[in-house]
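One structure below.
The values are calculated or read from the model by the stated rules, or taken from the named source; none is laboratory data. Please read all numbers here as calculations on a predicted model, not as lab measurements. All Cβ positions, even for glycine, are placed from backbone atoms using ideal geometry, and neighbour counts span all protein chains on display. Protein only, heavy atoms only, side chains kept; ligands, DNA and RNA dropped before computing areas. Shrake-Rupley method; radii C 1.70, N 1.55, O 1.52, S 1.80 Å.
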Amino acid sequence: MAVSKLVLAATSTKSCKVLLGLRVLAFSATLSAAIVMGLNKETKTFVVGNVGNTPVKATFTAKFQHTPAFVFFVVANAMVSFHNMLMIAVHLFGVKMEFTSFRLLSVAILDMLNVTLISAAANAAAFISEVGKNGNKHARWDKICDRFATYCDHGAGALIAAFAGVVLMLTISAISISRLAHPNKCSSSTAATPSVVP
């Protein structure tokens, strides 16, 4: 009886550490995606015509704000980052906080909502990025990545980080749901909580 309690405590502690590690990784991925896309900007000067023998030049700037999908992408990744930062803070500083069934259910629901949010944002940004890379002949939309290569490269990096965040948040959500069956305390004192007396 005492041995089974100690094994359960060790397993609970391990799952809490894994969950914390995954949250730190997800926080890093989504924050990186938000920052890279939020700072994504490139300015270039092009020849747009000629007046006699004199070329007429115009300067164009590609910014993430010009595309609503990218704005949604930045906001969604920032929100998911904030959620994970909050959960990390609760884990690290709420040492004596016992996770009741209601609290675990709330965390699981929030995790699922964040998976949906970041997945929608990453897919919307991926769709518009594909249009930027290849254009759309049917809609007569020109591609821009042949002109703004750095802008597109940074956007691709942000997308990779965001999709990594999607995978991590899916894993976190699955762990949060599985914890509903075995509520426990996620703290440094978890292993010492069960009694060794049968």
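Brief remarks follow.
- Residue check for residue 64: modelled with pLDDT of 75 or more and aromatic (Phe, Trp, Tyr): yes
- Residues within region 50-60 that are surrounded by fewer than 10 Cβ atoms within 10 Å (Cβ to Cβ) and of a type in the set (Gly, Ala, Ser), tallied: 1
- Scoring residue 85 on the criteria (1) open to solvent by less than 70 Å² (accessible area, probe 1.4 Å); (2) part of a helix (DSSP H, G or I); (3) farther than 19 Å from residue 180 by Cα leaves a single failure, condition (1).
- Among the residues here, residue 25 does not qualify as open to solvent by less than 60 Å² (accessible area, probe 1.4 Å), under 20 Å from residue 114 (Cα atoms), touching a residue at least 40 places away in the same chain (Cβ under 8 Å) and under 24 Å from the mean Cα position of the chain (by Cα).
- Residues that are more than 23 Å from the chain's Cα centre (by Cα) and either surrounded by 15 or more Cβ atoms within 10 Å (Cβ to Cβ) or assigned to a loop (DSSP other than H, G, I, E, B) (or both) within region 144-185 comprise 144, 145, 146, 147, 148, 180, 181, 182, 183, 184, 185, listed in sequence order.
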